[in-house]
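Working notes for the structure below.
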Amino acid sequence: MNLVVNGKNTDISDSMTVTELLAKEDVKMPQMVSVELNGQILKRSEFETTRLKDDDKVEFLYYMGGGTCL
Amino acid sequence: MKADTLAIHGGFAGDSGSGASAVPICQTVSYAHNTAQALADAFAGRSPGYIYTRIANPTTTALESRLTELEDGIGCVATSSGMAAVASAVMALVKAGDEIIAAAGIFGGTVSLFENTLRRFGVVTNFVDAADTSNLQDALNEKTKLIFIETIGNPRMDVPDIPAIAELAHKAGIPLVVDNTVTTPVVFRPGKFGADIVVHSTSKFINGHGTAIGGAIIDAGNYNWREGPFDQIRKLSQKVGQLAFLWYLRNVIYRDLGGCPAPMNSFLMLQGLETLPPRMAKHCENAERLAQFLQSHPNVSWVNYPGLKTSEFHDRVIKLFTGRAGGLLTFGLGDKEKAFEFIDSLRLGKNLANLGDAKTLVLHPASTIFGEFDAHELGSMGVTPDMVRVSVGIEDFEDIKADFEQAIERAFKEKK
């Protein structure tokens, strides 16, 4: 099935949870990442229970630093 | 996970490098990156990474993560004090010409920030009796950019109808900011009842031992930042979605004002959080028993504790706080002289300007934290000359009661 992860099409063989996707994508600083699923920020407690579906749009976001993208 | 577990394990699963089970204190100003490009990417926001402790620090990150989980929010920025939290959260939202509606019975420091400092920068605050939601409705106008309340007004001890005020704010398209210091997420999660931004003075119950000053701002995840009257945040939401408020907060207001916590203080807050649930249970229990004792005492003129069945706010305490009304109460002994005599006679209770410590603390608000306000202002904030504020500690209740009993007796003893 297809996911759109940070704007890029990503094929995954089976449905997976957000926690599993974070591991698969090897995201940087996973303790700091916020996950937006189809426009809504997930609570951290929902990472393990939220199972991704075909065509879901996932964004990995950070608000920890940097400051020039205003 | 439940709050009791999150308070201990939230935000930190152990240090993968050393195996340390307590959160390591990262006492550092800055962070080395392996290449010039890596640091440039971190600065540009292209890659996550620590840059400078004024913006983010790993020990503080653990505290922010734990508070996010306890408040069930979408993110947190920890600050150097509760006032830094209030100032930063509000200044991220308002500009000259805007207005704020605030509850009249809130902490004097917040009143001063709104009434004196922000007014100098062209922001006007309308203070209203928030116990009656219609007063907030009447004060709303097209310039209003946020509503600010406390879960239990300190020291007015009033409990606003938070769900009704959230509904009012959202109909007007503005956020509700709630100070949850005196209830803590153990007793009440404002976000579950519609609040958009939760602020804390973590120096109080969260620290719990009077050892460090701190604050926090949590985005509860209820407000749609893609809409609303905040141009700077709405624009940012096109890039970072619903994180826009937190992003703007950290990378603009917080960075510019410099209200970051010391890493050591973040560690002390994390330690405090671990025992917050059992401490809050004991604070609430002791406060209710002390309120009942004072209410039955013939020399006590009045007692204000929203957990008392006689309180006009008791129904809201049941509905919102599941019957627990926190560890703070106020009472009167008739005049200022008796209040002073009572305070001077305490043996266990400490006379100081703080609350939420494990120890029982007392204070005469009118001559201390509200000393800068005139009689008329004090009246509107619910502060009377005979008022004693008590932050009820977690000592054995019989010892607290005995201390108060002997001090009241001394306050009413005829002077020779």
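Quick note: the coordinates plus some simple rules give every number you see, no bench work behind them. From a predicted model like this one, the values you see are computed outputs, not experimental measurements. FYI the Cβ positions are ideal-geometry reconstructions off the backbone, even for glycines, and counts take in every protein chain you see.
Using only atoms on other chains, find how many Cβ atoms lie within 10 Å of each Cβ of peptide A:31-44 and report the average. Can you show the working numbers first?
Working: counts 7, 9, 1, 9, 1, 5, 0, 0, 4, 5, 10, 2, 7, 10.
Going residue by residue through A:31-44 and averaging, the value is 5.
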Helix-only mean residue ellipticity at 222 nm for the protein assembly as shown, each DSSP H run of n ≥ 4 adding -39500 (n - 2.57), per residue, nearest 500: -9500 deg cm²/dmol
Choice from B:Gly210, B:Gly334, B:Gly14 showing the highest fluctuation, given a GNM over chain B with Cα pairs closer than 10 Å: B:Gly14
Shape call, the range B:278-325: gyration tensor on alpha carbons, a/c limit 1.5: oblate
For the range B:40-177, Kirkwood radius (reciprocal of mean inverse C-alpha pair distance, Å): 16.6
Those trypsin sites (Lys or Arg not before Pro) in the range B:313-376 that DSSP places in a loop and that have at most 14 other beta carbons within 10 Å: B:Arg347
Spacing of the two label points (7 Å from each Cα toward its C-beta) at A:Lys24 and B:Gln238, in nm: 3.2
Three-way shape call for the protein assembly as shown based on the alpha-carbon gyration tensor, with the a/c threshold at 1.5: prolate
Around B:Gly327: net Lys/Arg minus Asp/Glu count, Cβ-Cβ under 10 Å: +1
Gyration tensor over alpha-carbon atoms, the range B:1-63, equivalent ellipsoid semi-axes in Å: 27, 13, 11
Computed Rg/Rh of the range B:261-357, alpha carbon atoms with Kirkwood Rh: 1.04
Test item: Cα-centred dipole of the range B:278-411, Lys/Arg +1 and Asp/Glu -1 on Cβ, debye: 480
Residue (of B:Val392, B:Ala407, B:Ile369) at the positive-pole extreme of the range B:361-416, dipole from beta-carbon charges: B:Ala407
The range B:308-416 shape via C-alpha gyration tensor axes, a/c threshold 1.5: oblate
For the range B:155-213, alpha-carbon Rg relative to the globular expectation (2.2 N^0.38 Å, N residues): 1.24
Top positive-direction residue, dipole computed over the range B:3-273 with Cβ charges, set B:Gly221, B:Gly82, B:Gln238: B:Gln238
For chain A versus the range B:191-211, the gap between their alpha-carbon centres in whole angstrom: 29
Span from the the range B:354-416 Cα centroid across to the the range B:121-144 one, whole angstrom: 30
Per-pair calculated FRET efficiency, R0 = 45 Å: B:Asn34 and B:Thr322 via Cβ, rounded to 0.05: 0.30
Stokes-Einstein D for the range A:2-61, Kirkwood Rh over Cα pairs, 10 °C, 1.306 mPa s (µm²/s): 140
Calculated FRET value between B:Lys171 and B:Met1, using beta carbons and R₀ = 25 Å, to 0.05: 0.15
Simple spin-label estimate for B:Glu142 and A:Ser13 in nanometres, 7 Å along Cα-Cβ: 6.1
Longest segment of chain B lacking GluC sites (Glu not before Pro) that sit in a DSSP loop with at most 13 other Cβ atoms within 10 Å: B:1-141
Distance histogram in 5 Å bins (all Cα pairs of the range B:3-273, percent per bin): 1, 6, 13, 17, 19, 17, 12, 7, 4, 2, 1, 0
